[in-house]
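The values are calculated or read from the model by the stated rules, or taken from the named source; none is laboratory data. As the structure is a prediction and not an experimental result, all values here were calculated from the model. Here Cβ is always computed from backbone atoms with ideal geometry, including for glycine, and neighbour counts include all displayed protein chains.
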Amino acid sequence: MFGSSTLTPPWALHFVDGAPLTLCTVLSGGGWIVPERRPPERLGIGETVIVRGPAPFLFVDEVGTRAEPVACGAFCSTPEQGGTRYRLGWHDAGTGAKDTTTLVVGAYPVRGEMSRRLLDALPVVLRVGSGGGPDPVWDHLAAEVAVDTPGQQVVLDRLLDWMLVCALREYFDRPGGTAPGWYSAGRDPVVGGALRLLHSEPAAPWTVASLAGRTGVSRATLAKRFTDLVGEPPLTYLTRWRMTLAADLLTERETMTVAEVARAVGYSDAFAFSAAFKRIRGISPSAYRRTATIPSQEPAGLLP
């Protein structure tokens with residue numbers, strides 16, 4: 001989901017859709033991100049913030065602004081309120097005033113157990129500075145938002161994805177950071193290769209020996225290196241990964257039987273799969289499917 005808005009103070013946008021992941025970038029001007037029960041974060045030109053949902057948050061011209069918050073979500077109104085200017089579409093030329101702020105927002109309706117692995121590794125608010133130098137991607141984004149051209153949505157989506165990945169990399173690679181083991185291990189030439197094999201071929205009949213053979217090291221070397229970097233042995237990681245995939249299949253593919261889900265993640269025996277799933281998840285596959293909540297629709301765009 002992508003949107004942009006040009007704002008004239010005083011203004012206050014209230015993001016209420018509860019998207020699991022929202023990326024905000026200031027193309028001009030500046031403002032404050034105000035999450036629930038968290039300190040406000042100043043956002044200046046060229047800076048990006050990632051907010052982890054589902055709690056709502058505000059983007060305001062000043063902390064304590066006198067503007068009445070405008071709800072940004074599925075059913076928001078569009079008249080001017082509190083000095084805020086915005087319109088439907090990709091961009092708003094604004095008034096030309098020096099104090100206007102142009103904000104670009106992307107909301108990611110990620111869900112499922114695979115997405116949770118990333119979301120659980122992030123703080124509620126992740127702020128990335130402008131870097132103090134020219135950024136060709138940011139410049140391209142600003143130029144693309146300023147005009148309506150054929151294929152614009154595709155270009156903007158890709159640019160936003162680029163910025164999201166770069167922001168996450170910068171956060172995880174910070175000195176003293178707390179990157180999850182699976183992220184850091186991905187850089188290792190041996191363990192990274194093993195992880196890619198497990199992710200791309202989860203249903204294969206893996207053993208530590210066969211995985212070591214595919215990565216070109218001894219069984220003992222792979223087992224120790226994998227455990228040291230990821231935090232658990234290869235086959236333990238594989239079991240958890242298979243159960244993650246199975247959980248998503250159970251909720252997203254309602255027509256698949258438990259036996260079919262079992263085969264899809266590498267189990268020929270549905271009973272063995274059910275036992276493994278219950279050991280990892282604490283609930284049987286059938287019970288998990290009954291209790292899981294499936295969103296009926298994607299969240300609406302955050303900007304009106």
Any residue in region 225-245 that's outside the structural domain of Y267 (by TED's automatic domain parsing): show its pairings with residues that are at pLDDT 95 or above and not aliphatic (A, V, I, L, M) at Cβ separation under 7 Å, as long as the two are six or more apart or on different chains. none
Within region 170-191, considering residues that are of a type in the set (A, V, I, L, M, F, W, C) and part of a helix (DSSP H, G or I), the one farthest from L229 (Cα to Cα): F172
Sole miss for V63 among (1) more than 30 Å from L249 (Cα to Cα); (2) at pLDDT below 85 is condition (2)
Which listed residue is part of a helix (DSSP H, G or I), modelled with pLDDT under 95 and buried (at least 18 other Cβ atoms within 10 Å of the Cβ), from A194, A212, A223, A167: A167
G266 passes all but one of the listed conditions (1) over 27 Å from W182 (Cβ atoms); (2) at pLDDT 90 or above; (3) not in a helix (DSSP H, G or I); the exception is number (1)
How many residues are loosely packed, with under 14 Cβ neighbours inside 10 Å and assigned to a helix (DSSP H, G or I) when one looks only at region 200-209? 2
Kindly evaluate A194 against the criterion of being over 30 Å from S5 (Cα atoms) and touching a Ser or Thr at 6+ places or on another chain (Cβ under 7 Å). yes
Scanning region 123-156 residue by residue, those modelled with pLDDT of 80 or more and of a type in the set (D, E, K, R) turn out to be R127
